[in-house]
1. Could you point to the residue in Cys133, Met71, Tyr415 farthest towards the positive end of the chain's charge dipole, with +1 and -1 charges on the Cβ of Lys/Arg and Asp/Glu respectively?
2. Just to be sure I understand the model, the point goes 7 Å from the Cα along the line to the Cβ. What's the resulting Glu151 to Val381 distance in nm?
3. Run the accessible area of region 281-475 with a 1.4 Å probe and give the carbon-and-sulfur part as a rounded percent.
4. Using DSSP to define loop residues, name the trypsin sites (Lys or Arg not before Pro) in region 204-241 whose beta-carbon has at most 16 other beta-carbon atoms within 10 Å.
5. Under the √(5λ) rule applied to the eigenvalues of the Cα gyration tensor, what semi-axes describe the equivalent ellipsoid of the chain? Give them in Å, descending.
6. Need the full-extension length gain, Glu449 to Lys346, defined as separation in residues times 0.36 nm minus the C-alpha distance. One decimal, nm.
7. Need the C-alpha centroid separation for region 474-521 versus region 195-265, integer Å.
8. How much net charge surrounds Leu100 when only other residues with a Cβ under 14 Å from its Cβ are counted (Lys, Arg +1; Asp, Glu -1)?
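The values are calculated or read from the model by the stated rules, or taken from the named source; none is laboratory data. Please read all numbers here as calculations on a predicted model, not as lab measurements. Note: ideal-geometry Cβ built from the backbone for every residue, glycine included; neighbour counts use all protein chains shown. Just the protein is used for accessible areas: all its heavy atoms, side chains included, with ligands, DNA and RNA removed. Shrake-Rupley method; radii C 1.70, N 1.55, O 1.52, S 1.80 Å.
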Amino acid sequence: MATKAQKSSAKTVSKAQIFRALGLSARMKGASTGGAWFADSKDFLESVNPTTGEVLARIEQASAKDYDKVMKEAKKAFLVWRSMPAPRRGEVVRQVGEALRQKKEMLGALVSLEMGKIHTEGLGEVQEMIDICDFAVGLSRTLSGPTLQSERPKHRMMEQWHPLGVVGVISAFNFPVAVWAWNTALAWVCGDACLWKPSSKTPLCAIACQNIVAEVFKRNGLPEGLSCVTIGRGSTIGEKLVNDHDVPLISATGSTRMGQRIGAVVGGRLGRAILELGGNNAIIISDKADLTGALASAFFGAVGTAGQRCTSTRRLIIHEKVYDTFVKKLIANYKRVNIGDPLDPKTLMGPLIDEGAVADYENAIKAAKEQGGKLLYGGKVLKPFGAATFVQPTIIEIDNKAPIVQSETFAPILYVMKYRKFDQALKLHNDVPQGLSSAVYTDSVNEGEAFISFLGSDCGIANINIGTSGAEIGGAFGGEKETGGGRESGSDSWKMYMRRQTNTINWGGEVHLAQGVEFKA
Ligand code: NAD
């Protein structure tokens, strides 16, 4: 847990310093089992700085042959790793956490450089990795199953959890390091090897993470293959991974469209999938709310990370009595947003990931207007550094039923709407296909309890008097409906990374059949 506010000193950090500290260079290869990087596809991927459009590095992507080589090592390494006591695996993960602490400043800066989130958020993302390592260390001594009462005399039943195998991790661009750590820190203490296919938009973040972790595994005399990376196209390397019968679990984070494809393929081979997909998160702001708190949460939720969090606030459902005042104050805040270089400590909002994301932003605004929406603030594309990747955070008044409101646009567009009765607010809240994060601002106990009750929010995360965006690692993270139903990170999410076994032990000698069945010749 970060004890102080994240301090940004990254203004003075140059690309050269970041590259040197994290073992990066202008030309790299995209496959690793923990030793030297390799690839023989001759198919190059460019990592682009979304702030300037500058090419940061060229990476030769992994080929199908490279994938097979990586998988062979991963399977071998799993056999060694699963035999180690879990607390010893936890000790290695503790050292991974320490290595991340050492590199926090530089890795956080790289996240800002390659993905575009502001530096305090880049640091926060690395802190999340450290936190999940700490969590996993404790978990390594407490992985446990229950002892159950047997109906048979002198018998005992229990459940054990065993390592699963090689876990495939597919991650999205917007959390280019933390999502991988959420999965791997748990999977490693559970005894699994991991193969990561990162987003093609953030390959450098993946290379840097692998360099940090590989050093720790090597120092501990562990075999290559426990942490593997294959950088390559979703349609080639990604498809190979999800179709691989040697991968019992695929944990995939990304769009609902990607999840539908992966869910079908993994389901088709009866594998296990954790799907962490898109959200359409709303805050209900009651007339009984502390409006100052609601304003701060809505502002961060909608503008933070330039609206590129799965938990970003996309809709505000505001009581009609406070609607005008609240929206006026929100617009005043929007006018003060400093848009620019994410590594500049004065910046509050950086760029979108690429020009495709800007096109999505423009198309969504156009559609909203055509569907009856009224633009209250924003709507413009900006080019402070030449690249057309910056946009104004935008507020649109619109009906919840408008088709554009029903889908996730991964950009800082906030839809606002009014309600009169709390029941109506709940109905509007749940009336979208996605179900990730949600919040209510109210000082009414009844409204708060109703919101988190079975009658209330249908999301995987439901908060009272805090916003939708930004979750702690201690809780299980994930959502319902089109968000995919997966859970990762804290609580008992570790169970997804292990296989459960029920054991019945007869310590009395006599054979008793269950349910009193008699079977004697
Ligand atoms: P995306 O769906 O375009 O890509 C995500 C990952 O899936 C990438 O690594 C991509 O290469 C891979 N992929 C795509 N098609 C594939 C296939 N057929 N086989 C295997 N892999 C394939 O998503 P994105 O644009 O990188 O990220 C933004 C989306 O991610 C948003 O919808 C956001 O809400 C979601 N997201 C969800 C969570 C969550 O926990 N629920 C967290 C972060 C992001």
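1. Met71
2. With each label placed 7 Å out from Cα toward Cβ, I get 6.8 nm.
3. Numbers: 4190 of 8020 Å².
C and S atoms contribute 52 percent here.
4. Values: sites: Lys218, Arg219, Arg233, Lys240; in loops: Arg233.
Here the trypsin sites (Lys or Arg not before Pro) that fit, given the DSSP loop and packing criteria, are Arg233.
5. Numbers: eigenvalues 310, 200, 80 Å².
Three semi-axes, in Å: 39, 32, 20.
6. Full extension from Glu449 to Lys346 adds 33.2 nm.
7. When both Cα centres are located, 27 Å separates them.
8. On the way: positive: Arg94, Arg101, Lys103, Lys104; negative: Glu98, Glu105, Glu125, Glu128, Asp131, Asp134, Glu215.
Result for the local shell: -3.
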